[in-house]
Amino acid sequence: MWMAKRVVVVGAGAGGLIAAGRAAELGADVVLLEKMDQAGKKILVSGKSRCNITNAAPLAEFLTHYGRNGRFLMNAYHRFFRDELLALLARHRVGTQTERGGRIFPVSGEAGDVRDALLRYCTNNGVDVRYRSEVSEIVVQNGRVKGIRLANASRVTTGTVILATGGASWPDTGSTGQGYLMAQSLGHTIKPLRPALVPLTCVERAMAKRLQGVSLRNVRCTFFTENAKGKVREMRIPYPVPQTGEMLFTHFGVSGPLILTASGAVVDVLRRGQTVSLSIDLKPGMDEAAIHSRLQREFEEHSHQRLATLLRGWVPASLAEVLADLSGIEADRHVHRIRAEEREGVVRLLKDFRWSISGSLPLVAGMVTAGGVALNEVDPLTFASKKVDGLYIVGELLDLAADTGGYNLQAAFTTGYLAGSAAIGDV
Ligand SMILES: Cc1cc2nc3c(=O)[nH]c(=O)nc-3n(C[C@H](O)[C@H](O)[C@H](O)COP(=O)(O)OP(=O)(O)OC[C@H]3O[C@@H](n4cnc5c(N)ncnc54)[C@H](O)[C@@H]3O)c2cc1C
């Protein structure tokens, strides 16, 4: 009697759902094991619950968003990329639209629709989806997968496992980093895990507290590093970052889009023992001379104002107070009594508002986990492990992390889909 090949997929997130649906579509007998009581909890919170599925950027640019490791995905993206993903979603009743920055979202604006479509892809093809099923071990004998063991000690026998347990960030969504331990115990190298897309902490805690909640639009953020010899230079960020945009002060430091995007690179530099400072240009559209002459004019027109009051026309009120304090000019001095060199100091503060970065929030608070299963130990087209026959590793578990814009989900979808195909021999 003919028996369908059994494939066990561990983790019903973005990568696991599409892997399971694909393997089942190709005729496999698929069991999808998810430890939470529902699938795709991280999809549900993605893109502020709107799910930024992917991005309209051309392939060459798309790959740069993963930094140095982006090349690993090139051949996979030639097989299954954005168009194929969007077509699959369309077949499961999810229309999409492109927004600012090429970001692609479901038309409904509901991340739940993406999750439900992927779940339909699974159930329509007969996947056996089992919730509250936490996998604790992949059983391997003589270098071959033999099955998996669940936390409740029961076993499922199979020669093929797709490991899709996600990263170690946002553990409430179910991704608690167990997959790294399972892969490591089977001989895989795990590149150091660090948070990416994560808020940064600053040395100037008291100042941050005063500014907590202040959000700035149209500012420029530049990071500087200083090595052990005291040499300061602008920090190189190995992926594209916007020149200007939004940022936010928190009680511990800085956050918001500009900061989150750069944070992965900042965390890496701090790990190398270098110090990092952040320069905020509060008026990127004006050069120093233009600011200088406008300030001079305003000092004359509003000669009896305090500096902090006058600066409210430039920046939010609480920031105006902080800048006035930093200028060293006494709070009760009227602006007409501010000397030219003191005015220059104010100009410098507006163009180069400096912070010392002390670190970041922990791994669990990053939107993605950087690091993970070493890419040279996984086939770049099938995501088959080179250490264990019958094992595939997909999604955020791999040493791939990108900035915001839909790149992380596309990587999970592509690696999952291709592993689902390969698991049933369709390479
Ligand atoms: C707040 C937030 C917003 C985001 N927004 C976006 C966005 O808009 N666009 C984008 O591209 N990326 C976004 N990301 C990143 C993206 O969601 C992830 O990179 C992606 O979901 C990773 O997919 P995955 O399948 O590898 O893992 P996950 O989606 O994390 O799925 C892993 C699954 O495995 C299950 N699991 C874990 N361990 C076990 C076990 N032992 N046994 C059984 N099951 C297990 C988990 O419960 C989970 O369901 C966001 C992330 C966060 C935190």
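The values are calculated or read from the model by the stated rules, or taken from the named source; none is laboratory data. Since the model is a prediction, treat every value here as computed from it, not as a measurement. So basically every Cβ, Gly included, is an ideal-geometry build from the backbone, and we count neighbours across all protein chains shown. Just so you know, the surface numbers come from the protein's heavy atoms only, side chains and all, with ligands and any DNA or RNA stripped out. Shrake-Rupley method; radii C 1.70, N 1.55, O 1.52, S 1.80 Å.
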Subject >> Looking only at region 317-355, and only at residues there that are open to solvent by 60 Å² or more (accessible area, probe 1.4 Å) and assigned to a helix (DSSP H, G or I), the one that is farthest from residue 304 (Cα to Cα) >> reply: 348
**OP:** For residue 403, state whether it is surrounded by 20 or more Cβ atoms within 10 Å (Cβ to Cβ), on the phi < 0 side of the Ramachandran plot and under 27 Å from the mean Cα position of the chain (by Cα).
**Re:** yes
Original post:
Would you call residue 67 at positive phi and within 21 Å of the chain's Cα centre (by Cα)?
Top reply: yes
Original post:
Given the structure, is residue 370 more than 25 Å from residue 86 (Cα to Cα) and buried (at least 24 other Cβ atoms within 10 Å of the Cβ)?
Top reply: yes
**OP:** Inspect region 89-97 for any residue being open to solvent by less than 50 Å² (accessible area, probe 1.4 Å), closer than 25 Å to residue 163 by Cβ and within 13 Å of the ligand (Cβ to nearest atom) and give the result as yes or no.
**Re:** no
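Which residue out of 365, 290 is surrounded by fewer than 17 Cβ atoms within 10 Å (Cβ to Cβ) and within 16 Å of the ligand (Cβ to nearest atom)?
It is 365.
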Subject >> Selection count, region 303-316, where residues are assigned to a helix (DSSP H, G or I) and open to solvent by less than 20 Å² (accessible area, probe 1.4 Å) >> reply: 4
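Here's the yes/no breakdown for (1) hydroxyl-bearing (Ser, Thr, Tyr); (2) at pLDDT below 95:
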{"site": "86", "(1), (2)": "no, no"}
{"site": "100", "(1), (2)": "no, yes"}
{"site": "114", "(1), (2)": "no, no"}
{"site": "158", "(1), (2)": "yes, no"}
{"site": "168", "(1), (2)": "no, no"}
{"site": "171", "(1), (2)": "no, no"}
